[in-house]
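Each value in this text was obtained by applying a stated rule to the coordinates, not by laboratory testing. Note that the structure is predicted; figures quoted are calculated from it, not measured. No Cβ is skipped: glycine too gets one built from the backbone with ideal geometry, and neighbour counts run over all protein chains shown.
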Amino acid sequence: MTHSTTPISGGTGILYIVATPIGNLKDITRRAVEILESVDWVAAEDTRHTRPLLQYLGMNKTLISLHEHNEKSRSEQLLEKLRNGENGALVSDAGTPLINDPGYYLVKLLREKGVDVVPIPGPSAVITALCAAGLPTARFSYEGFLPAKSNKRLAVLATLVDDVRTLVFYESPHRVITSLADFQTAFGSDREMVVARELTKKFEQFVSGTIAEVVEYFTENQDKVRGEFVFMLSGAEEKEVVELSTMDELILTLLKQNLPVKQISEIVADYAGIKKKPIYNRVLELKKE
Ligand code: SAM
């Protein structure tokens with residue numbers, strides 16, 4: 001059964017999922033401020049981290065900790081509070097809760113129990129990085145953090161080699177160099193990559209180039225291997241999306257019309273949504289037959 005996304009709280013409170021800044025406090029939205037002001041309590045990943053934010057906003061709120069070690073028991077408690085008509089907010093240390101941050105168990109539980117969960121959108125490092133990287137954004141895959149151990153990391157990266165979508169990863173500063181080396185092993189040297197660092201902060205930086213160039217940059221500029229990182233990788237080249245036989249039929253039809261090989265390649269490449277070069281070769285092959 002699906003639940004309404006429009007709050008219909010008949011006596012039950014609402015949990016707001018509130019995005020907070022990822023480095024620049026000015027990035028808090030007006031709506032986030034209004035909601036934080038209005039709620040009875042704020043569930044936070046780390047209350048020591050959230051208290052200064054609320055102080056900056058001039059608020060003194062009841063803070064309740066909700067982290068990966070107490071999420072299940074705490075979620076049951078928060079459910080009761082909401083059922084008693086209280087309204088609450090969930091925030092994480094930075095960015096959008098649930099995006100590599102706690103909250104999934106709570107939101108799932110509340111949805112199952114028919115309690116309204118309302119998103120208050122705002123910053124998230126994945127979107128912030130992607131929108132300014134200069135890589136294709138029509139399709140992307142957010143992969144979160146890679147495993148800490150190189151072998152496991154390589155195994156995960158191997159599953160992504162043929163993925164045509166832009167790939168986005170979070171990485172911790174002390175794994176940047178070893179992780180980049182694994183990217184080179186898995187994807188080769190030439191794939192286009194962008195590393196975004198310290199987004200929205202004073203030393204924000206985008207480093208782009210081939211994987212080999214990015215590896216070289218960070219190897220030679222160890223002082224830049226600090227802060228918070230997002231890795232983005234251009235997707236694999238599109239493979240043939242049209243059945244070969246269909247494509248061959250199209251090429252043969254066009255050959256019968258005595259069109260030049262180059263033009264046929266262009267037409268078929270356009271139709272199939274793939275690069276011209278492999279089609280060009282195929283047209284030559286079929287022409288000889
Ligand atoms: N919930 C957050 C979000 O919406 O982006 C992500 C939390 S995750 C535990 C923390 C990771 O996000 C960092 O290790 C880094 O990879 C990325 N990140 C967070 N803030 C960032 C920033 N200002 N610049 C670059 N990366 C950032």
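From zero outward in steps of 5 Å, how is the percent of C-alpha pairs of region 14-123 spread across the bins?
Computed distribution, short to long bins: 2, 13, 26, 28, 19, 8, 2, 0.
In what order do 280, 56 fall by count of nearby beta-carbon atoms within 10 Å, going from fewest to most?
56, 280
Taking trypsin sites (Lys or Arg not before Pro) that fall in a DSSP loop and have at most 12 other Cβ atoms within 10 Å as cut points, what is the longest piece of the chain between them?
Counting only loop sites that pass the neighbour cut-off, the longest clear stretch is 1-112.
With springs connecting C-alpha atoms under 10 Å apart, model the chain as a Gaussian network and identify which of 162, 93, 248 has the largest mean-square fluctuation.
Of 162, 93, 248, the most mobile in the Gaussian network model is 248.
Among 43, 138, 236, whose mean-square fluctuation peaks in a Gaussian network model of the chain (Cα, cutoff 10 Å)?
138
Could you tell me which of rounded, prolate or oblate describes region 21-67, using a ≥ b ≥ c as the square roots of the eigenvalues of the alpha-carbon gyration tensor, with rounded for a/c under 1.5 and, failing that, prolate when a/b is larger than b/c and oblate otherwise?
Oblate shape, in that a/c is at least 1.5 and b/c is the bigger or equal ratio.
Are there chymotrypsin sites (Phe, Trp or Tyr not before Pro) in region 94-164 that DSSP puts in a loop and that have at most 11 other Cβ atoms within 10 Å, and which ones?
none
Placing unit charges on C-beta atoms (Lys and Arg positive, Asp and Glu negative, everything else neutral), compute the dipole magnitude of region 42-144 about its Cα centre in debye, rounded to 20.
About 180 debye.
Listed here are the pairs 61/81; 26/72; 108/149; 72/201; 149/202; which of them are more than 24 Å apart at the Cα?
Result: 26/72; 108/149; 72/201; 149/202 exceed 24 Å.
Below 8 Å between Cα atoms, with a sequence gap of 6+, how large is the relative contact order for the chain in percent?
Value for the chain: 17 percent.
Would you grab the residues whose amide H sits under 5 Å from the one on residue 90? Only those 5+ places off in sequence or on another chain, please, with H modelled 1.01 Å from N.
16, 17, 18, 43
Kindly provide the helix-only [θ] at 222 nm of the chain, computed as the sum of -39,500 (n - 2.57) over DSSP H runs of four or more divided by all residues, to the nearest 500 deg cm²/dmol?
One gets -12000 deg cm²/dmol as the mean residue ellipticity at 222 nm.
Answer rounded, prolate or oblate for region 126-233, using the Cα gyration tensor with square roots of eigenvalues a ≥ b ≥ c: rounded when a/c is under 1.5, else prolate when a/b is larger than b/c, else oblate.
It comes out rounded by the Cα gyration axes.
Only four residue types carry charge here, +1 at the Cβ of Lys and Arg and -1 at the Cβ of Asp and Glu. Report the dipole size of region 149-289 about the Cα centre in Debye, rounded to the nearest 20.
That gives a dipole near 160 debye.
Considering the options 211, 176, 273, tell which one lies farthest towards the positive end of the dipole of the chain, charges being +1 on Lys and Arg and -1 on Asp and Glu at the Cβ, about the Cα centre.
It is 176.
Along the charge dipole of the chain, which of 41, 95, 144 sits closest to the positive end, that is, farthest toward it, with unit charges on the beta carbon of Lys, Arg, Asp and Glu (+1, +1, -1, -1)?
The residue sitting most towards the positive pole is 41.
For the chain, modelled as a GNM with alpha-carbon contacts under 10 angstrom, which of 233, 255, 63 fluctuates the most?
Per the Cα network of the chain with a 10 Å cutoff, 255 tops the list.
Dividing the alpha-carbon radius of gyration of region 102-152 by 2.2 N^0.38 Å (N being the number of residues), what value is obtained?
Relative to the 2.2 N^0.38 Å estimate, region 102-152 comes out at 1.62.
Under a 5 Å amide H to amide H cut-off, with H placed in plane at 1.01 Å, what residues pair with residue 235 once short-range neighbours are removed?
When sequence neighbours closer than 5 places are left aside, the close amide H contacts are 166, 167.
Once you have a ≥ b ≥ c as the square roots of the Cα gyration tensor eigenvalues for the chain, tell me rounded if a/c is under 1.5, and otherwise prolate or oblate according to whether a/b is larger than b/c.
prolate
If you put +1 on each Lys and Arg Cβ and -1 on each Asp and Glu Cβ, how big is the dipole of the chain around its Cα centre, in Debye rounded to 20?
Dipole magnitude for the chain comes out near 180 debye.
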